[in-house]
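Since the structure comes first, as structure tokens, the remarks are kept for the end.
The values are calculated or read from the model by the stated rules, or taken from the named source; none is laboratory data. Here the structure is a predicted model, which means the values were calculated and not measured. Cβ coordinates were reconstructed from backbone atoms using ideal geometry, including for glycine residues, and neighbour counts include every protein chain displayed. Please note that ligands, DNA and RNA were not included when accessible areas were found on the heavy atoms of the full protein model with its side chains. Shrake-Rupley method; radii C 1.70, N 1.55, O 1.52, S 1.80 Å.
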Amino acid sequence: FMVSGCVIIQRTEPISQHLIVAEQFDLRGYDPGSTMSDFIRALIFNNLVELDLSFKKVPGLASEWSHNEDASEWTFKLREGLTFHDGEPFNAEAVKFNLDYRRETTGKAWLSNVASVEVVGEYELIVHLHSSNITFDSDLTPPFLAMISPKSVNAQNEVTNAIGTGPFKLDTWDKDTQFVLVRNEDYYDGQPTLESITFKVIPDAQTRAMALEMGEVHLMSGREALSVVTSLQNNKDIKISSVTGQTSEVMYFNTLEGPLADIRVRQAISSTIDLKEAIRTLLPNMAVEPKAFFSTAFDPYVATLKEVDFNEEALLQEAGYTEKNTEGIRMKDGVPLSLRLVLGASNEEDKLLSVVIVDQLKKIGIDVQMVMLESVALREALNQKDFDMIMIGQWLIPHDEPSTHYLKGYWHRQSSYKIYVSDELDQKIDLLQQSLNMDERLRYHHEIQQAITDVYAQKIIFHRNNIVLSRNSVQDFEVSVGTWQIYRGLSKAYLSK
């Protein structure tokens with residue numbers, strides 16, 4: 001600009017592109033297939049097929065793929081000219097190494113249908129399956145099947161360094177203190193603007209929030225931080241970004257033994273519990289009320305829940321709970337209707353909602369005792385059926401089509417947890433697994449979800465939002481629908497003044 005006829009050049013200092021994240025968990029390890037933190041893998045590694053930030057399948061390291069008529073052979077054509085962070089070439093031999101390595105180690109169960117991997121060109125391979133699988137491309141999207149450099153595996157078959165093809169490279173790691181990623185200038189999807197990301201390991205949510213408020217860090221996840229999100233929602237220096245993620249919170253009923261083996265008791269409980277208002281008032285930003293069996297992330301596979309109004313009094317009477325004790329609790333054969341509600345000790349959302357549930361069920365004469373367990377014990381209680389009701393995350397939905405949830409999760413005789421099984425349900429799930437027609441698969445999905453809903457073996461509590469809190473200086477960051485890649489949007493983000 002001009003001053004008294006002179007031209008003055010005003011220089012603007014470049015803005016540092018070194019972002020700092022307050023992170024709950026340490027890196028934990030180098031192997032995306034086992035020990036590495038779930039939330040960091042998508043920044044360092046890529047998969048053959050990926051889920052984008054909207055949870056839709058897109059090309060990853062495979063540029064295109066196809067299958068034969070019965071989906072028993074899958075051909076993958078790879079991006080050309082790529083290298084791993086250590087300079088090793090990415091090609092069909094590297095993919096074969098990865099798939100064979102996972103088939104023998106951490107991906108053994110997941111890839112059990114793979115018969116062999118055939119390299120047919122430098123950038124082309126065929127995966128031969130034992131049996132048809134129309135969702136095999138989806139099966140390759142979970143982060144535990146990310147492609148690692150073959151040179152990162154030692155003679156003992158251990159992954160000794162985190163070397164992928166992703167937008168960032170692991171630079172340093174101080175165990176339980178911090179780890180630093182630096183940008184991959186050769187990233188195939190464009191060099192990130194951020195030069196580095198430092199993850200400071202701060203387990204306590206309140207301490208992470210203080211660091212964010214004071215400007216010591218730029219960003220933190222809202223994971224397991226309900227009180228923090230609530231307290232910062234009106235802070236003008238902090239912005240809250242959220243999107244409905246793929247995970248939901250569920251209450252499973254013990255259908256095998258105890259009072260809830262009677263469907264009438266399950267129907268009365270399910271009809272009584274109404275958390276719509278509680279979710280809106282107690283969980284601002286954190287959750288949305290359930291409208292379907294799964295989160296909207298799984299559209300079009302999701303069937304809308306059909307609400308049924310029951311007469312809870314009549315149902316419990318029919319179930320034999322015809323008397324009440326002096327405290328108003330229903331009795332059957334002199335035994336009060338008392339139930340154990342098991343939930344996570346560190347789950348703030350469930351703890352708040354469980355109080356509402358206890359109060360609502362008391363009004364219809366059901367006594368509920370809350371039992372709070374740490375995460376390992378909570379999973380064990382689910383596995384051992386050591387509960388009447390249990391509030392827990394809706395697991396085993398690792399990719400975009402939720403068929404694994406039925407077969408390997410909860411609703412089939414082959415499943416891990418077996419909340420409810422029947423010949424009819426097994427048959428529908430088996431037909432879904434065998435079907436190669438998309439319209440038919442959608443119909444089976446909806447029928448399975450309705451069949452499970454009709455037996456009242458669970459109640460969907462809420463669909464969880466993925467939340468990130470950041471300083472206003474963080475620009476163009478998009479939160480991922482996929483929980484496990486919540487930081488992936490940092491590959492496109494940058495820092496402003």
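Condition test on SER132, is it in a loop (DSSP other than H, G, I, E, B), in contact with a Leu (Cβ under 9 Å, 6 or more places away or on another chain) and over 29 Å from HIS18 (Cα atoms)? It is true that SER132 is in a loop (DSSP other than H, G, I, E, B), in contact with a Leu (Cβ under 9 Å, 6 or more places away or on another chain) and over 29 Å from HIS18 (Cα atoms). Open to solvent by 10 Å² or more (accessible area, probe 1.4 Å), without any contact (Cβ under 8 Å) to a residue 24 or more places away in the chain, out of contact with any Pro (no Cβ under 8 Å at 6 or more places or on another chain) and in a loop (DSSP other than H, G, I, E, B): does that describe SER112? Yes; evaluated as a whole, the condition is true for this residue. Every condition in (1) open to solvent by 20 Å² or more (accessible area, probe 1.4 Å); (2) touching a residue at least 40 places away in the same chain (Cβ under 8 Å); (3) hydrophobic (A, V, I, L, M, F, W, C) holds for LEU495 except the one numbered (1). Whenever a residue of the range 431-458 is within 20 Å of ILE269 (Cβ to Cβ), its partners that are hydrophobic (A, V, I, L, M, F, W, C) and assigned to a loop (DSSP other than H, G, I, E, B), lying with C-beta atoms within less than 7 angstrom and at least six residues away or across chains, give the pairs GLN449/PHE293; GLN449/ALA303; GLN450/ALA303; ILE452/TRP411; THR453/PHE293; THR453/LEU305; ALA457/ILE419; GLN458/ILE419.
A quick yes/no check of all residues on (1) in contact with a helix residue (DSSP H, G or I) (Cβ under 7 Å, 6 or more places away or on another chain); (2) modelled with pLDDT under 95; (3) open to solvent by 70 Å² or more (accessible area, probe 1.4 Å):
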residue	(1), (2), (3)
PHE1	no, yes, yes
HIS18	no, no, yes
MET36	no, no, no
GLU88	yes, no, no
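The set of residues in the range 197-231 that are open to solvent by 10 Å² or more (accessible area, probe 1.4 Å), under 17 Å from SER16 (Cβ atoms) and outside any loop (DSSP other than H, G, I, E, B) comprises THR198, LYS200. If the condition is being closer than 30 Å to LEU82 by Cβ, among the acidic types (Asp, Glu) and touching a strand residue (DSSP E or B) at 6+ places or on another chain (Cβ under 9 Å), then the range 175-227 contributes ASP186, GLU195. Selection over the range 298-340 of residues that are open to solvent by 90 Å² or more (accessible area, probe 1.4 Å) and within 26 Å of THR247 (Cα to Cα) gives a count of 3.
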